[in-house]
1. Can we say Arg424 is basic (Lys, Arg), part of a helix (DSSP H, G or I) and exposed (fewer than 12 other Cβ atoms within 10 Å of the Cβ)?
2. Pull up the range 37-62, narrow it to residues that are more than 20 Å from Gly307 (Cα to Cα) and part of a loop (DSSP other than H, G, I, E, B), then point me to the one that is modelled with the highest pLDDT.
3. Being hydroxyl-bearing (Ser, Thr, Tyr), more than 14 Å from Val331 (Cα to Cα) and surrounded by fewer than 17 Cβ atoms within 10 Å (Cβ to Cβ) narrows it down to one residue among Thr369, Thr408; which is it?
4. Exactly one condition in (1) within 41 Å of the chain's Cα centre (by Cα); (2) under 17 Å from Asp328 (Cα atoms) is false for Ala396; which is it?
5. Among all residue pairs at least 6 apart or on different chains, which show Cβ distances below 9 Å where the first residue, located in the range 365-383, is under 22 Å from His410 (Cβ atoms) and the second is basic (Lys, Arg)?
6. What residue, of Glu40, Glu83, is surrounded by fewer than 16 Cβ atoms within 10 Å (Cβ to Cβ) and either of a type outside the set (A, V, I, L, M, F, W, C) or closer than 18 Å to Met111 by Cα (or both)?
7. Give the range 144-193 a look and list any residue that's within 27 Å of Ser213 (Cβ to Cβ), among the aliphatic types (A, V, I, L, M) and part of a helix (DSSP H, G or I), or say none.
8. Working only within the range 140-180, note down all residues that are hydroxyl-bearing (Ser, Thr, Tyr) and either more than 22 Å from His227 (Cα to Cα) or loosely packed, with under 15 Cβ neighbours inside 10 Å (or both).
Amino acid sequence: MSRNIQPVTGMKDVLQAEIGVWQHVERTAAAVLAAYGYGEIRVPVVEHTELFKRAIGEYTDVVEKEMYTFTDLGGDSLTLRPEATAGVVRACISNGLLRGARLKLWCQGPMFRHEKPQKGRYRQFNQVDVEAIGFAGPDVDIELIALSARLWKLLGLTRVKLQINSLGTPEARRAYRELLTAYFRGHFAALDPDSQRRLEGNPLRILDSKVASTQAIVANAPVLTDHLDPESAAHFAELRAGLDALGIAYTVNPRLVRGLDYYSRTVFEWITDALGAQDAVCSGGRYDGLIAQMGGDATPAVGFAMGVERIVELVKIAGMEPKAPSPDVFVMAQGDTAQRSALQLAEQLRDAFPGRGVVVHCGQAKFKTQFRRADESGARLALIVGDDELARGVVALKPLRGADTTQTEHPVADLTARVDEFFRRST
């Protein structure tokens, strides 16, 4: 006997019982983004591998260890997208959107990273990605953080905290890298193997190390915010002043460098204490040099991505899951003629009352069973169709909620009017 085929490790089904909270998160995010003037864009799940190597950086965990890369039948190296920003930037360049660009864009969908699965971290995971392209000042950085703060408020999430930092310009970061490299060379033997390897390629990645012995060394390393160029320092000061003015609480975390090489100046993360080790809920920052690095016109940009799975878990923990919608009318029938008529009458009600839920009990069952299922559905009104009643030209209506649940008969021709009367009376 062959065994059942199981899901791929780290890839999760989202079942009907859970989909309501997912849709609630996604609808709320889409509404907030629309209110702030951001428009949706959709980009491919598969891109050329070189795109991510060039955008994310050769010495990042994502490129070195986590990407799902394969060679297609044409011999091209392709990768399932591990994040969305590179694809959005590529789309803007390849579709000629960047000249004088002032774009506010967002997209959502699955990303793929070959990480060790655990609660809140999957190999296929979903993100909402938001990008503001063509804006150089800190006002847009502030807007994006305010937008995300408003989303948490609407979702009822309180166990999230904001951390911010500035990475400065590439020139300031190069000078800082020299300081950092000299410092870590003095502790080379005590670094973990990954950090030793990264020392020459990108020593900033060492600041992200999760190895305890390396973290102890990192604790005394030079701090980037002490070595910012004047313009970046002013940008960061305006960012903090703007957040203060909006009453958005934050902590400056000088070790926050983010996991992707394309960031400059502002970086930020919303973190939580509710999900164990996977504490980052929403992360982002400014990437002013990325578009030129990828062959487009030099264009400033800033964005963030939020993990839908983690936000869904936070909504559940907060007890803010939306109630599953109940149908308005449950249609039940017995008899061959009645069952055919039930489908026709249900379509008639759907035409008359767009947006109202009308559910038909399909399949044979006694009326007692159908009434039980109607009650379980949460419907407010039952439409009862029988062969004998149809022969007399009538159907029955029975309220399922409230004090008066008296069943009444009505001519089939009057059905829509009687149902409308019920809705008006019960609203």
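The values are calculated or read from the model by the stated rules, or taken from the named source; none is laboratory data. Every value quoted in this text rests on a predicted model; they were computed, and no experiment measured them. Methodologically, a virtual Cβ is constructed for each residue, glycine included, from the backbone with ideal geometry; neighbour enumeration extends over all protein chains shown.
1. Against the criterion (basic (Lys, Arg), part of a helix (DSSP H, G or I) and exposed (fewer than 12 other Cβ atoms within 10 Å of the Cβ)), Arg424 qualifies.
2. Gly37
3. On inspection, the qualifying residue turns out to be Thr408.
4. If we test Ala396 against (1) within 41 Å of the chain's Cα centre (by Cα); (2) under 17 Å from Asp328 (Cα atoms), just (1) comes out false.
5. Final answer for the pair search is Phe371/Lys398; Ala374/Lys398; Ala379/Arg401; Arg380/Arg401; Leu381/Lys398; Leu381/Arg401; Ala382/Lys398; Leu383/Lys398.
6. One residue alone meets the criteria, Glu40.
7. Answer for the range 144-193, where residues must be within 27 Å of Ser213 (Cβ to Cβ), among the aliphatic types (A, V, I, L, M) and part of a helix (DSSP H, G or I): Leu179, Leu180, Ala182, Ala189, Ala190.
8. Within the range 140-180, Ser148, Thr158 meet the criteria.
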